[in-house]
2 protein chains.
Amino acid sequence: MLSFTEENYLKAIYHLSEAGTLPVLTNDLADSMKTKAASATDMVKKLAAKKLISYQKYYGANLTSKGKSDALMVIRKHRLWETFLVEKLGFTWDEVHEVAEQLEHIQSMTLIEKLDSFLGFPKTDPHGHPIPDALGKIKEMKQVHLSEFPVRKKCVVRAVKNGSPSFLQYLSKIGIRIGVMLNIVDKIDFDGSLEISIDHKKKIFISKEAAENLLVTE
Amino acid sequence: MLSFTEENYLKAIYHLSEAGTLPVLTNDLADSMKTKAASATDMVKKLAAKKLISYQKYYGANLTSKGKSDALMVIRKHRLWETFLVEKLGFTWDEVHEVAEQLEHIQSMTLIEKLDSFLGFPKTDPHGHPIPDALGKIKEMKQVHLSEFPVRKKCVVRAVKNGSPSFLQYLSKIGIRIGVMLNIVDKIDFDGSLEISIDHKKKIFISKEAAENLLVTE
DNA sequence: TTAATAATTTAGACTAACCTAAAAAATGTT
DNA sequence: AACATTTTTTAGGTTAGTCTAAATTATTAA
Ligand SMILES: [Mn+2]
Ligand SMILES: [Mn+2]
Ligand SMILES: [Mn+2]
Ligand SMILES: [Mn+2]
């Protein structure tokens, strides 16, 4: 059985290999875990000994298929709990991540399957992120960053990329939620900021950085 | 902030001082924590340094008022989660304890208050045990062991004393649940076993030990 | 009231996860 | 190709929680 820490490292390696390039480098892993490179080295050695990653000195780490499915199970739990907190307990989407970081480590298959059923087998979490199924299969969605979307063509917000509380609170404040319809009215060359309309109603300017953290589809 | 282990020790000290005589002795604490006396000694020293218990060498430990309220908060969480598992997720009463042992350590006051509200502010958990309120106040119930109850006088099952899965499964099998009406038809002098009727219907014999672990009221 | 027994504490050691500082390897630059 | 810089690993140490074995204190019995 894995410790909380081992589970957190596996999840971090998964997310880093999703985002960046393979293999996952020690310094990136240490940053992501808010720890030091020496500690990350200790842990990758341990995970490699458990065959959850393949690891070569000075080269980096890659999840094995066992490691990947363990990581996906932690992510499944995290996202199901976030969904529970929002849908059933009335948390807002900016409050749930921290609590889910703890709940994702509860050890009980029965619990997570019953929770999934209680929630009606949701496909995505409150941030629009896909929830892996009981077998660890995750449905990749072909979404594009709002910053790359064409001007004057309506799109729907599907997910946030950066899920930090401050970004989520900002989105709530300006009326952007999952499912909302956007339209890029104008793109400002100077700084890459966008003038957008939200649900055909109010127009507002958002920064390039904000637009890069919104995932949309047609 | 307390570690999982510290919380578990505090809870054990609370339950031992509830059940037995004060102060709580090292060996009893070690047994209850399924560890060794030397480890229990280490921990009582630490808890005493944190002013959660008073402790004198060779004498034993008593909770301070801070220690008691911390213990009661863990118990509140444990019992609310057990209630959630049974009421909302469809667990049976013999399955929930182990999972609640993990869930009781999740750190979030907001979470537990929202959970309480979601459950409709339950007063007791699935085993009939009282749930401390948000201030740590616990409502003591004047219940009596079925083994001490008079013959041929109807009573209602309010709680189980021993909550082990095997006892709970046995109770389910013979149709004893919280709220069921019992009547002692006969008391067997030989071994203290009881012949009882359940809900005015079927009659059955139960052992003295079983009767000592059922709490009833008139 | 002394001796035997039981309970408790101390001593010393282990593991997981972390740290800092130093050494080694890889990478970049002239 | 040689040197400088960055990245990564190793060495050695810390803390929380555990253990076994030995020492100490308390309790019971002769
Ligand atoms: Mn999250
Ligand atoms: Mn999420
Ligand atoms: Mn329980
Ligand atoms: Mn209970």
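Readers should treat all values here as calculations from the given coordinates under stated rules, not as data from a laboratory. Note that the structure is predicted; figures quoted are calculated from it, not measured. Here Cβ is always computed from backbone atoms with ideal geometry, including for glycine, and neighbour counts include all displayed protein chains.
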Fewest-first sequence of B:H200, B:H127, B:H97, A:H15 by Cβ atoms within 10 Å of each Cβ: B:H200, A:H15, B:H97, B:H127
Give me the net charge for the shell around A:Q107: Cβ to Cβ below 11 angstrom, other residues only, Lys and Arg +1, Asp and Glu -1. -3
Total charge of the residues flanking A:S193 in space, meaning their Cβ is under 14 Å from its Cβ, with Lys and Arg +1 and Asp and Glu -1, is -3
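If you put +1 on each Lys and Arg Cβ and -1 on each Asp and Glu Cβ, how big is the dipole of the stretch A:4-63 around its Cα centre, in Debye rounded to 20? Mind showing how you got there, number by number?
On the way: 8 positive and 6 negative charges, 49 e Å.
About 240 debye.
Compute for the stretch A:1-103: radius of gyration divided by Kirkwood radius, i.e. Rg/Rh, restricted to C-alpha atoms, rounded to two decimals. Walk me through the intermediate numbers first.
Values: Rg = 14.5 Å, Rh = 14.2 Å.
When Rh is taken as the Kirkwood radius, the ratio is 1.02.
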Counting only backbone N atoms under 17 Å from a point 7 Å out along Cα-to-Cβ of A:K154, the residues of the stretch A:186-204 in range are A:186, A:196-204
Which distances, shortest first and in nm, link B:A19 to the matching position in the other copies, using label points set 7 Å out along Cα to C-beta? 4.8
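Of B:K173/B:K208; A:K114/A:K137; A:K137/B:K34; A:K36/A:K114; A:K88/B:K161; B:K50/B:K77, which pairs sit farther than 29 Å apart, going by alpha carbon to alpha carbon?
Values: B:K173/B:K208 18 Å; A:K114/A:K137 18 Å; A:K137/B:K34 39 Å; A:K36/A:K114 38 Å; A:K88/B:K161 32 Å; B:K50/B:K77 22 Å.
In this structure, A:K137/B:K34; A:K36/A:K114; A:K88/B:K161 lie more than 29 Å apart at Cα.
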Given the options B:K45, B:K202, B:K187, state which has the largest fluctuation in a GNM of chain B using a 10 Å cut-off (strictly under) for Cα springs. B:K202
For chain A, what is the calculated [θ] at 222 nm in deg cm²/dmol (nearest 500), taking -39500 (n - 2.57) for each run of four or more DSSP H residues and dividing by its residue count? -13000 deg cm²/dmol
Aspartates and glutamates whose Cα lies under 14 Å from that of B:K154, excluding same-chain neighbours fewer than 8 positions away: B:D186, B:E195, B:D199, B:E218
For the stretch B:74-218, what relative contact order do you get, as a whole percent, if you take Cα pairs closer than 8 Å and at least 6 residues apart? 23 percent
For the stretch B:4-63, rounded, prolate or oblate, judged on the Cα gyration tensor with a ≥ b ≥ c (square roots of eigenvalues), a/c < 1.5 rounded, else prolate if a/b > b/c? rounded
How big is the dipole moment of chain B about its Cα centre under a simple scheme where the beta carbon of each Lys and Arg is +1, that of each Asp and Glu is -1, and everything else is neutral? Debye, nearest 20, please. 420 debye
In nm, what does the list of distances from A:E212 to its counterparts in the other copies look like, shortest first, when each label sits 7 Å along Cα to Cβ? 7.0
From the square roots a ≥ b ≥ c of the eigenvalues of the alpha-carbon gyration tensor of the stretch B:71-139, which class results: rounded (a/c under 1.5), prolate (a/b over b/c), or oblate? rounded
Towards the positive end of the charge dipole of the stretch B:73-136, with charges on Cβ (+1 Lys, Arg; -1 Asp, Glu), say which of B:L119, B:I106, B:I75 has the farthest Cα. B:L119
Which distances in nm, rounded to one decimal and ordered from shortest, link the label point of B:G192 to the equivalent label points in the other identical copies, with labels set 7 Å from Cα toward Cβ? 7.8
Under the rule a/c < 1.5 gives rounded, and otherwise a/b versus b/c splits prolate from oblate, where does the protein assembly as shown land using the Cα gyration tensor? prolate
